[in-house]
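Participant: One structure coming up, written as structure tokens, with questions to follow.
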Amino acid sequence: MITKEAARYDRFLWFLEVLAFRNLRRRLLSGVSEDILEIGIGTGANLPFYPESAIVTAIDPRPGLLHGIQGKSSIETRICCADAIHLPFGDNSFQTIVSTLVFCSVTDVPAGLQEVWRLLKPGGKLLMLEHVRGRTPFTRRLTDLFNPAWYAMQKECNLNRETEESVREAGFTIHRSSLHGHGMLLLLDARKE
């Protein structure tokens, strides 16, 4: 049964999904295959964009959101309640790890990215859709200005993280990177090489 928390979450994101996120999710996940871990799956907004053959291991720290996954897709989905810093899987377990709108909320980004590194097989890829600190002088000021109030309201989400730089510092090689939404949304394909 879908919880109130999951329904509220989906309603909150509905407009952004229609406006931008759906197309970006589709682009991010085109060409993924099996052996996928999705960190911070929330209510399963990515599930319709995985191929039918995909087997997705899905984690989120909020059990109330995980109930929202029901009925979003027919692909095989294994669900686990965990956070990005303490993942209950062995080293080199996944070929692909997906993160959408997650690392803005991870309390220790370097530790979370080290967990991703640990779990990825050699040559594996990290696919991310994240909102980031603006790239133009105006959008940088905007994200920096609104971040304190946004964080206070959300209690977890930061508008102005430098995610691509954090991924690079964690040792990943950036294969593709593109900015969207006036430079405040990032699509990233990084590899463990």
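The values are calculated or read from the model by the stated rules, or taken from the named source; none is laboratory data. What you see is a predicted model, and the numbers here were worked out from it, not measured in a lab. Note that each Cβ is placed from the backbone with ideal geometry, even for glycine, and that neighbours are counted across all protein chains shown.
Participant: Mind counting the residues in the stretch 98-136 that are out of contact with any strand residue (DSSP E or B) (no Cβ under 6 Å at 6 or more places or on another chain), surrounded by fewer than 23 Cβ atoms within 10 Å (Cβ to Cβ) and of a type in the set (Gly, Ala, Ser)?
Facilitator: 4
Participant: Any residue at all in the stretch 24-40 that's at pLDDT below 85, surrounded by 16 or more Cβ atoms within 10 Å (Cβ to Cβ), under 22 Å from Leu159 (Cβ atoms) and not aliphatic (A, V, I, L, M)?
Facilitator: Looking for residues that are at pLDDT below 85, surrounded by 16 or more Cβ atoms within 10 Å (Cβ to Cβ), under 22 Å from Leu159 (Cβ atoms) and not aliphatic (A, V, I, L, M), one finds none in the stretch 24-40, hence no.
Participant: I've got another one for you. Which pairs have Cβ atoms under 8 Å, sit 6 or more apart or on different chains, and link a residue in the stretch 182-193 that is within 17 Å of Glu169 (Cα to Cα) to one that is among the polar types (S, T, N, Q) and crowded, with 18+ Cβ neighbours inside 10 Å?
Facilitator: Matching pairs, first to second residue: Leu186/Thr163; Leu188/Thr163.
Participant: If Ala58 satisfies every condition in (1) closer than 15 Å to Thr43 by Cα; (2) small (Gly, Ala, Ser); (3) touching a residue at least 40 places away in the same chain (Cβ under 8 Å) but one, which is the exception?
Facilitator: Here Ala58 meets the rest and fails (3).
Participant: Quick one: in the stretch 63-76, which of the residues that are surrounded by fewer than 21 Cβ atoms within 10 Å (Cβ to Cβ) and in contact with a strand residue (DSSP E or B) (Cβ under 8 Å, 6 or more places away or on another chain) is nearest to Arg133 (Cα to Cα)? Can you show your working first?
Facilitator: Of the stretch 63-76, the ones surrounded by fewer than 21 Cβ atoms within 10 Å (Cβ to Cβ) are 63-64, 67, 70-76.
From what is left, the residues that are in contact with a strand residue (DSSP E or B) (Cβ under 8 Å, 6 or more places away or on another chain) are 63, 75-76.
Numbers: Pro63: 29, Ile75: 34, Glu76: 35 Å.
The residue in question is Pro63.
Participant: Does the stretch 120-142 contain any residue that is more than 18 Å from Leu37 (Cα to Cα), touching a helix residue (DSSP H, G or I) at 6+ places or on another chain (Cβ under 8 Å) and among the charged types (D, E, K, R)? Write out each step before concluding.
Facilitator: Filtering the stretch 120-142 for residues more than 18 Å from Leu37 (Cα to Cα) gives 131-142.
Adding the requirement that they be touching a helix residue (DSSP H, G or I) at 6+ places or on another chain (Cβ under 8 Å) leaves 132-134.
Of the ones still in play, those that are also among the charged types (D, E, K, R) are 133.
Taking every residue of the stretch 120-142 in turn, at least one turns out to be more than 18 Å from Leu37 (Cα to Cα), touching a helix residue (DSSP H, G or I) at 6+ places or on another chain (Cβ under 8 Å) and among the charged types (D, E, K, R).
Participant: On the basis of being farther than 23 Å from Val109 by Cβ, modelled with pLDDT under 90 and under 13 Å from the mean Cα position of the chain (by Cα), does Gly68 make the cut?
Facilitator: On the way: farther than 23 Å from Val109 by Cβ: yes; modelled with pLDDT under 90: yes; under 13 Å from the mean Cα position of the chain (by Cα): no.
Here the answer is no, as Gly68 does not meet what is asked.
Participant: Please determine whether any residue of the stretch 92-112 is assigned to a loop (DSSP other than H, G, I, E, B), among the small types (Gly, Ala, Ser) and modelled with pLDDT of 95 or more. If you could, list the steps in order and put the result at the bottom.
Facilitator: Filtering the stretch 92-112 for residues assigned to a loop (DSSP other than H, G, I, E, B) gives 92-93, 101-108.
If we keep only those that are among the small types (Gly, Ala, Ser) as well, we get 93, 105.
Subset that is modelled with pLDDT of 95 or more: 93.
Yes, there is a match, as at least one residue in the stretch 92-112 is assigned to a loop (DSSP other than H, G, I, E, B), among the small types (Gly, Ala, Ser) and modelled with pLDDT of 95 or more.
Participant: While we're looking at this one, here's another question. Taking the residues in the stretch 155-193 that are part of a loop (DSSP other than H, G, I, E, B) and of a type in the set (A, V, I, L, M) as candidates, determine which candidate is farthest from Leu24 (Cα to Cα).
Facilitator: Initial filter on the stretch 155-193 (part of a loop (DSSP other than H, G, I, E, B)): 155-162, 170-172, 181-184, 192-193.
When the remaining residues are screened for being of a type in the set (A, V, I, L, M), the result is 159, 170, 184.
Details: Leu159: 18, Ala170: 24, Met184: 13 Å.
Looking at residues that are part of a loop (DSSP other than H, G, I, E, B) and of a type in the set (A, V, I, L, M), I get Ala170.
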